[in-house]
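The structure appears below as structure tokens.
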Number of protein chains: 4
Amino acid sequence: MSLNTFGHLFRVTTWGESHGPALGATVDGCPPGVEIEAAALQHWLDRRKPGQNKFTTQRQEADAVKILSGVFEGRSTGTPIQLMIENTDQRSKDYGDIARAFRPGHADLAYHLKYGLRDYRGGGRSSARETAARVAAGGVARAALAALVPGLTITGYMVQVGPHGIDRSRFDAAEIERNPFWCPDAVAAEGWASYLDDLRLNHNSVGAVIEVVASGVPAGLGAPLYGKLDSDLAAAMMSINAVKAVEIGEGMAAAALTGVENADEMRMGPNGPEFLSNHAGGILGGISTGQDVVVRFAVKPTSSILTPRKTVNQAGEEIELITKGRHDPCVGIRAVPVGEAMMACVLLDHLLLDRGQTGGVRGTVG
Amino acid sequence: MSLNTFGHLFRVTTWGESHGPALGATVDGCPPGVEIEAAALQHWLDRRKPGQNKFTTQRQEADAVKILSGVFEGRSTGTPIQLMIENTDQRSKDYGDIARAFRPGHADLAYHLKYGLRDYRGGGRSSARETAARVAAGGVARAALAALVPGLTITGYMVQVGPHGIDRSRFDAAEIERNPFWCPDAVAAEGWASYLDDLRLNHNSVGAVIEVVASGVPAGLGAPLYGKLDSDLAAAMMSINAVKAVEIGEGMAAAALTGVENADEMRMGPNGPEFLSNHAGGILGGISTGQDVVVRFAVKPTSSILTPRKTVNQAGEEIELITKGRHDPCVGIRAVPVGEAMMACVLLDHLLLDRGQTGGVRGTVG
Amino acid sequence: MSLNTFGHLFRVTTWGESHGPALGATVDGCPPGVEIEAAALQHWLDRRKPGQNKFTTQRQEADAVKILSGVFEGRSTGTPIQLMIENTDQRSKDYGDIARAFRPGHADLAYHLKYGLRDYRGGGRSSARETAARVAAGGVARAALAALVPGLTITGYMVQVGPHGIDRSRFDAAEIERNPFWCPDAVAAEGWASYLDDLRLNHNSVGAVIEVVASGVPAGLGAPLYGKLDSDLAAAMMSINAVKAVEIGEGMAAAALTGVENADEMRMGPNGPEFLSNHAGGILGGISTGQDVVVRFAVKPTSSILTPRKTVNQAGEEIELITKGRHDPCVGIRAVPVGEAMMACVLLDHLLLDRGQTGGVRGTVG
Amino acid sequence: MSLNTFGHLFRVTTWGESHGPALGATVDGCPPGVEIEAAALQHWLDRRKPGQNKFTTQRQEADAVKILSGVFEGRSTGTPIQLMIENTDQRSKDYGDIARAFRPGHADLAYHLKYGLRDYRGGGRSSARETAARVAAGGVARAALAALVPGLTITGYMVQVGPHGIDRSRFDAAEIERNPFWCPDAVAAEGWASYLDDLRLNHNSVGAVIEVVASGVPAGLGAPLYGKLDSDLAAAMMSINAVKAVEIGEGMAAAALTGVENADEMRMGPNGPEFLSNHAGGILGGISTGQDVVVRFAVKPTSSILTPRKTVNQAGEEIELITKGRHDPCVGIRAVPVGEAMMACVLLDHLLLDRGQTGGVRGTVG
């Protein structure tokens, strides 16, 4: 019910504003005995960190995470884990001129209408900086998953930047860490680099599509009907800043398929039923089947651009606005580690839920 | 936390199986004093009811809703409203041959793996019949919205069947109620009719895309960051059977837009800020802006088809399966009233939440 | 968040009014595979049923429970279990004269002030009849506990009626089922009978104290800090109609003890640590220790009495009111099975939670 | 569902251990626009602070609270308020000898059995130090209540220390702040001082009873049936360390009253119905009536005493244990500000809930 919290049993509450003293995540429900180190969390934060290349915001943040509670002698105690990231590079003056203007595509007007006041510095609570807290919490979730489900992996990557998608025939997982776009297609990555250079020179930005795949997910996670694994994944991904769509498996394309095409047929393999295809994205009836769980989400173009746009201010005056600052031409790039973090949190949550619901006992086949 | 419940303050718990004695919805949190009649709820149920034309399942269900509690002398009392729909046309014998087989594309295997046992009759809890309970609950939500927000309307319609989309230039809201597809484009509807006839003769089925639009939504509904209006809408729509993707506003297409294109510019109108476009789908930063709230979702093709598909059974034998029964060639058709119901529930929930969070006070412009 | 629901993972939503067509409980989160029969639930309902002797209300209700969902071939499926009890003996005319008057000690005024309208027939939602739904749900919880924790027992009994307490030295568990008061002290029971006879003849009523003990509770149930087992038990018992106080272990008397007296010392027994006393009531730091869990609660005297009391009506007139009807001289008697039911629900809930939180792994001693 | 969180709409998650770097409260759901200053929160913390006199622990903690988020230019923004209190006086060496022993009356054994490991320093998460976070959060709740319900007051005080209760005829609210016991009876306070001196010299401790009264509470707060105001108050108070019982109004004494005695009769006053007595403690049917809300709770004696007690250690050895450290002879003293804080949090929560449920509209009388 807490609207800054997600999860059922593994619950993450993020807090903090872009230009306040700190932000962080209160992580409740991590099982006891999990090895958790600040350095391991930092690994994931460093992947999301701004200022690492010219395609992301030039804000310089150490994003150094501190563990304030819930970990004793290197292991989780089952009590709340408080993760704090202090803000260090807050150039509030950059934002002075938008204190009373509503930037198009931003939450400014909506927050003003709802709350009557807002922390306008850098978007305040609505800033993408909040996602650092998600990534830190996701690091805790990954540590717990590693302990509880050996072999489970979560991999995110970009599959589209603006109108330019990857070529799936060139998919190479090893490429993902080699380019600034988490792109599994080296050729596409090169094209994106020059495309984004042009956009930035033209004071423009663009959207993207991110795919996150979890392999080694046990069957049985998720629950009918409003705690479906796909329903919770949809909520989790849609809660990320700038996300406008979420797909599971075939996603929107499922609408154009026939029942004959879409059926994921099964055969018996050495370890039980095997699927001949994965249109479902690893989830049937809201419950994982043991196949790869496949989620995609679309991120809209960065709303902060240097091209003037028509808008209004709090006084009701019509103005033209350029959003100065240090912004990403494609905010989707930094959404990759965030999508991974959300996947980790949702899977751990449902793993714990499943234990509570069923004791983790499974039906058998054969 | 209850996994058969959705909503924060307006909470709907659905219960019941396809072939049990009854199904229904326990609706908690309806404000007091709302006029609620069984006949008004029945109106919405009749729209979803199967067997109304050759494009939906031929199961004959009266879907008659009874109000067992929470309404006194025609008005809600603020206590739980129990809505019960008795099952009357349960031909369980139709399902005998699938008691121990796992139908491709269905929840059968997932339920078996998770729970170790399942009510296999008609899919049990995973049957689309459960959506009748959602529609009944949505009727309560609509009644409350009508009382609290005069002028708010919710309209759902199909915009794509298989690969065939509507032509937006022919959009005519009056058409929606005139054809069996809730299609706003009369020409497209004709094409869909013959297309679906062919599919059914070929023992096949197809997916669809539904759009639901809410107009007259007050600004300020939704809340950062994990109770965003779009996040809750995504969860709500993804929880509907067979849904594989949810879009808000531009949705997946937002990825291909530039920041210049995607910016919904503003000007001052007689009643405050006005937007010149609605790429955002009426939601910024997770909070409604007063524009139309626009949601789309993709429904996969009906998994129950008369074409044999390869699968396995509980004994671990590889078999070919034809799913007999009385199924919809395009289950998306009946999803239209369900999508509307979910929109109504989510909007009412956030309306009540907003009161609790802020007292409903609004910031002003000008 | 649903205010007619209790529990975290085992969630019970009760619904229904005293004089509506039916009332019941929507039980979500029962583990799959539990044997559940209407007859077994009926056993518990019959214990609470009114009209069984002259010390409880003479309303004649069959309190026959129907299972509408969630049970297939005699076993729970893991989906919501809908329990419905139809009202059959609704003499609404008895209540006509209080439609617009506020009975002292009743919820009438509070409901009116909050909701602006109320179902005044028999107290509507605030009637003790609602506890029938709790007892039915408790029956489901008992069935699940029996399957998951063999040997766990839950026993409720009265320890005080008005000023007359039992003599603990005469405590005989076998007596509990032998008298109409669930009293473990046969001598006290006799005294209560004549005391209550006198009270009824004098158009009066009286309060009571009920104790509920759970034996065989595994260590480790409960969680810091706001999901403590004792905190949840306190909420559960306080939610029962007419309850004004809840005690764990020593309860209020703990205030008068010294630290030396109150320390439950430990020694090693054959199966691990053993306590030499149980001042704590089986709970330390909010977590069960394996000792008996001991809860007591005080029930105020029945507010409906035939002695005229001063009050006001909706028109603002001062009146004197006699509450006719068929009321219990000591409503505490029927609260015994209700307290047991709440204990069962809370323990099952925490058993499931504990699995989800920790996997049920336990620290060892020795 | 988060077990370190309480509240529905006003949600407080506390975090931190006695001897970690910091502890605090993540406060979600504070309405926007409330004036909140660290200095005002500090006022409440200073009341609870240890080391202020010889009757409370001599640990020296500044208990300085920092606001890390959710407040902008002195006012709440509606986003999470993170309150952090750094630990400064952590003498961990004091606790070395109990790292593997289970102190009687403490949570040590329960935590060990549940989690398999624990932060043993000062009780870790189960330390009464956690209540500092509650008091800070309560300060936020008080600020919001002050803005929303002018005239509402919350006052806590001790009414019993060991067997020695106050004399209600000497009740003087002005006395409460004048003695170290928050005692409204100056004579009783003197007696307690010498009684506690003796106890401490004898290496002993004792329990206490605290009463918290809220005046000016609007009618209509609370909701049937599992979100009753008294049910939530019971859970809140029982969640405080060492609390063993909670009473509303007459509490346990209600059991001994007759219905004629217990009826709070009503008459019409200038502003509506008035009660002639307050046995109910201001709550009927779980909903506030406008009378004073009266809660009492019993705190057991401090478990850490210098008198040796028999116990066991993790190796399964029987030992005698003296709990060294800097402990309160009567931990109940410091529970007074904590009880007030919990009352503030629960009342604000239900005030916000009531708006969401009903729009705050009220039925009228006369």
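The values are calculated or read from the model by the stated rules, or taken from the named source; none is laboratory data. None of the values given here were measured: they were computed from a predicted structure. Glycine gets a Cβ as well: all are built from the backbone with ideal geometry, and neighbour counts include every protein chain shown. Note: areas computed on protein heavy atoms with side chains; ligands, DNA, RNA excluded. Shrake-Rupley method; radii C 1.70, N 1.55, O 1.52, S 1.80 Å.
Quick rundown of the values:
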{"item": "Yes/no for A:V293 being more than 7 Å from every other protein chain (Cβ to nearest Cβ) and modelled with pLDDT of 95 or more", "result": "yes"}
{"item": "Criterion (out of contact with any strand residue (DSSP E or B) (no Cβ under 9 Å at 6 or more places or on another chain) and more than 11 Å from chain D (Cβ to nearest Cβ)) met by exactly one of C:A214, C:A173, C:A188, C:A193", "result": "C:A193"}
{"item": "Scan of the range A:259-273 for residues that are open to solvent by 60 Å² or more (accessible area, probe 1.4 Å) and under 23 Å from B:A242 (Cβ atoms), ordered by number", "result": "A:E261"}
{"item": "Index of the failed condition, C:V71 passing every other in (1) surrounded by 23 or more Cβ atoms within 10 Å (Cβ to Cβ); (2) over 17 Å from the mean Cα position of the chain (by Cα); (3) more than 11 Å from every other protein chain (Cβ to nearest Cβ); (4) of a type in the set (A, V, I, L, M, F, W, C)", "result": "(3)"}
{"item": "Answer from D:A236, D:A253 - the residue that is farther than 15 Å from C:P104 by Cα and open to solvent by 30 Å² or more (accessible area, probe 1.4 Å)", "result": "D:A253"}
{"item": "Qualifying residues in the range A:277-293 (those that are open to solvent by less than 20 Å² (accessible area, probe 1.4 Å) and touching a helix residue (DSSP H, G or I) at 6+ places or on another chain (Cβ under 7 Å)) - the one nearest to B:A255 (Cα to Cα)", "result": "A:I283"}
{"item": "Close pairs from the range D:198-221: first charged (D, E, K, R), partner assigned to a loop (DSSP other than H, G, I, E, B) and crowded, with 20+ Cβ neighbours inside 10 Å, Cβ under 7 Å, at least 6 apart", "result": "D:R200/D:P329"}
{"item": "Residues that are under 17 Å from A:G207 (Cβ atoms) and aliphatic (A, V, I, L, M), drawn from the range A:145-188", "result": "A:M158, A:V159, A:V161, A:I166, A:A188"}
{"item": "Restricting the range B:25-36 to residues that are within 22 Å of C:G7 (Cβ to Cβ) and touching a Phe, Trp or Tyr at 6+ places or on another chain (Cβ under 6 Å), the residue that is surrounded by the fewest Cβ atoms within 10 Å (Cβ to Cβ)", "result": "B:G29"}
{"item": "Residues (open to solvent by 10 Å² or more (accessible area, probe 1.4 Å) and in a loop (DSSP other than H, G, I, E, B)) located in the range D:214-227", "result": "D:G216, D:P218, D:A219, D:Y226"}
{"item": "Qualifying residues in the range C:220-233 (those that are within 21 Å of D:S127 (Cβ to Cβ) and of a type in the set (A, V, I, L, M)) - the one modelled with the highest pLDDT", "result": "C:L229"}
{"item": "Filter pass, B:T155 being open to solvent by 10 Å² or more (accessible area, probe 1.4 Å), β-branched (V, I, T) and either more than 11 Å from chain A (Cβ to nearest Cβ) or part of a helix (DSSP H, G or I) (or both)", "result": "yes"}
{"item": "Members of the range A:235-260 found to be in contact (Cβ under 8 Å) with a residue 40 or more places away in the chain and within 7 Å of chain B (Cβ to nearest Cβ), listed by number", "result": "A:A235, A:M238, A:S239, A:K244, A:A245, A:V246, A:E247, A:I248, A:G249, A:G251"}
{"item": "Members of the range B:265-290 that are within 7 Å of chain A (Cβ to nearest Cβ), without any contact (Cβ under 8 Å) to a residue 24 or more places away in the chain and within 28 Å of the chain's Cα centre (by Cα)", "result": "B:L284"}
{"item": "Sole exception among (1) facing another protein chain (nearest Cβ under 10 Å); (2) out of contact with any helix residue (DSSP H, G or I) (no Cβ under 9 Å at 6 or more places or on another chain); (3) over 24 Å from C:I67 (Cα atoms) for C:G123, by number", "result": "(2)"}
{"item": "Failed condition for C:A110, given (1) more than 7 Å from chain D (Cβ to nearest Cβ); (2) buried (at least 24 other Cβ atoms within 10 Å of the Cβ)", "result": "(1)"}
{"item": "Residue, surrounded by the most Cβ atoms within 10 Å (Cβ to Cβ), within the range A:313-350, restricted to residues that are within 9 Å of another protein chain (Cβ to nearest Cβ) and out of contact with any Phe, Trp or Tyr (no Cβ under 8 Å at 6 or more places or on another chain)", "result": "A:G332"}
{"item": "Options C:S127, C:S169; residue that is open to solvent by 10 Å² or more (accessible area, probe 1.4 Å), over 30 Å from D:R267 (Cα atoms) and among the polar types (S, T, N, Q)", "result": "C:S169"}
{"item": "Members of the range B:190-213 that are in a strand (DSSP E or B) and either open to solvent by 30 Å² or more (accessible area, probe 1.4 Å) or under 22 Å from B:M342 (Cβ atoms) (or both)", "result": "B:A208, B:V209, B:I210, B:E211, B:V212, B:V213"}
{"item": "Which numbered condition C:R296 fails, given (1) open to solvent by 40 Å² or more (accessible area, probe 1.4 Å); (2) of a type in the set (K, R); (3) more than 24 Å from D:E317 (Cα to Cα)", "result": "(1)"}
{"item": "Qualifying residue in the range A:351-360 (condition: more than 7 Å from every other protein chain (Cβ to nearest Cβ), open to solvent by 30 Å² or more (accessible area, probe 1.4 Å) and not in a helix (DSSP H, G or I))", "result": "yes"}
{"item": "Residue within the range B:228-237 that is in a strand (DSSP E or B) and either in contact with an Asp or Glu (Cβ under 8 Å, 6 or more places away or on another chain) or more than 30 Å from B:D328 (Cα to Cα) (or both) present", "result": "no"}
{"item": "So C:R134, is it open to solvent by 30 Å² or more (accessible area, probe 1.4 Å) and more than 8 Å from every other protein chain (Cβ to nearest Cβ)", "result": "no"}
{"item": "Filtered residues of the range B:74-107 (kept if away from chain A (no Cβ under 14 Å) and modelled with pLDDT under 95)", "result": "B:N87, B:T88, B:D89, B:Q90, B:R91, B:S92, B:K93, B:D94, B:Y95, B:G96, B:D97"}
{"item": "Odd one out for A:V140, checked against (1) within 13 Å of chain B (Cβ to nearest Cβ); (2) touching a Leu at 6+ places or on another chain (Cβ under 8 Å)", "result": "(1)"}
{"item": "Condition met for A:V187 (surrounded by 17 or more Cβ atoms within 10 Å (Cβ to Cβ), over 30 Å from D:G33 (Cα atoms) and of a type in the set (A, V, I, L, M))", "result": "no"}
